[in-house]
1. Can you tell me which lysines have their Cα less than 26 Å from the Cα of residue 168? Leave out same-chain residues fewer than eight positions away.
2. How far is the Cα center of region 1-70 from the Cα center of region 105-175, in Å?
3. Short version: ³J(HN,Hα) in whole Hz for each residue of region 108-121, in order, from phi by Karplus 6.51 cos²θ - 1.76 cosθ + 1.60 (θ = phi - 60°), x for Gly and Pro, what are they?
4. Can you tell which of 159, 88, 186 lies farthest toward the positive end of the dipole of region 71-193, using +1 and -1 charges on the Cβ of basic and acidic side chains (Lys, Arg; Asp, Glu)?
5. Rounded to the nearest 500 deg cm²/dmol, what is the calculated helix-only ellipticity per residue at 222 nm for the chain, with -39500 (n - 2.57) per DSSP H run of length n ≥ 4?
6. Starting from the Cα of residue 185, move 7 Å in the Cα-to-Cβ direction to define the label point; list residues of region 113-146 whose amide nitrogen is under 13 Å from there.
7. Between residue 117 and residues 5 or more places away or on another chain, which pairs have amide H atoms under 5 Å apart, with H built 1.01 Å from N, and which residues are they?
8. Only four residue types carry charge here, +1 at the Cβ of Lys and Arg and -1 at the Cβ of Asp and Glu. Report the dipole size of the chain about the Cα centre in Debye, rounded to the nearest 20.
Amino acid sequence: MRVIVDSQVENWIQRKQRWLKRQLTPNEQWIQKDGRWEELHKENGIRSVYPEIYKQQEKKLENLGIDWLWDFQKDDVIRMSLKQHNLLVANMGLGKTRMIIALALLYGCKHNLIVLEARNIKEFEAEFRTLGIRDYRIIERKFDLYALKKLNLISYSRIWHTIGSGRKTFAKALRKKFGFIACDEAHNLKAAN
């Protein structure tokens, strides 16, 4: 018995295989070993394996006018944009806020969501003002759910609140509305309280 595969299905399988290969390609990183810095995955990292796509994303970043990143931040944002799922772990003061904003803009989605601690909302607002970004909304009330902007902020405490007198939460109402979601202090996802 001979199996015939439709050409569209075959193309779809090949696209998925290329996508999976890119998702599994490691990011280049630096570690300190024996008192000196050493680069890991220099030859097989995402920047080396996909230089054309890396350059495309770099050009896209420039076209968006994102010139407010340090070189290491820019490199991290471009490398993260080549993957669908990311975990950004950096020490305090290294610009995670700006990197999250740049990554959201680089993904190019109509609506982006940033979930964060309530105490950090002012920090993001200040950063938006510094960068000249006005297309953002802080989700606090039911009305805000119907007037989403390019960048949307919601606190962990708000996301678990019910809307009005019903049982529906903000989290439930926001499902499937965003192409990009960043969770600042993601350990807060573990519990509603």
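1. Output for residue 168: 110, 142, 149, 150, 176, 177, 190.
2. Spelled out, the Cα-based centre of one part sits 30 Å from the other.
3. In residue order, the calculated couplings are x, 6, 5, 10, 10, 10, 10, 9, 8, 5, 4, 5, 9, 4 Hz.
4. 159
5. Details: 8 runs with 77 residues, N = 193.
After summing the helix terms and dividing by residue count, I get -11500 deg cm²/dmol.
6. Taking a point 7 Å out along Cα→Cβ of residue 185, the residues of region 113-146 whose backbone N falls under 13 Å are 115-124.
7. Amide H to amide H, under 5 Å and 5 or more residues apart or across chains, residue 117 pairs with 156.
8. 1060 debye
Any read-out appearing in this document is the output of simple, stated calculations on the displayed coordinates, not a laboratory observation. Note that the structure is predicted; figures quoted are calculated from it, not measured. All Cβ positions, glycine included, derive from the backbone under ideal geometry; neighbour counts span all protein chains shown.
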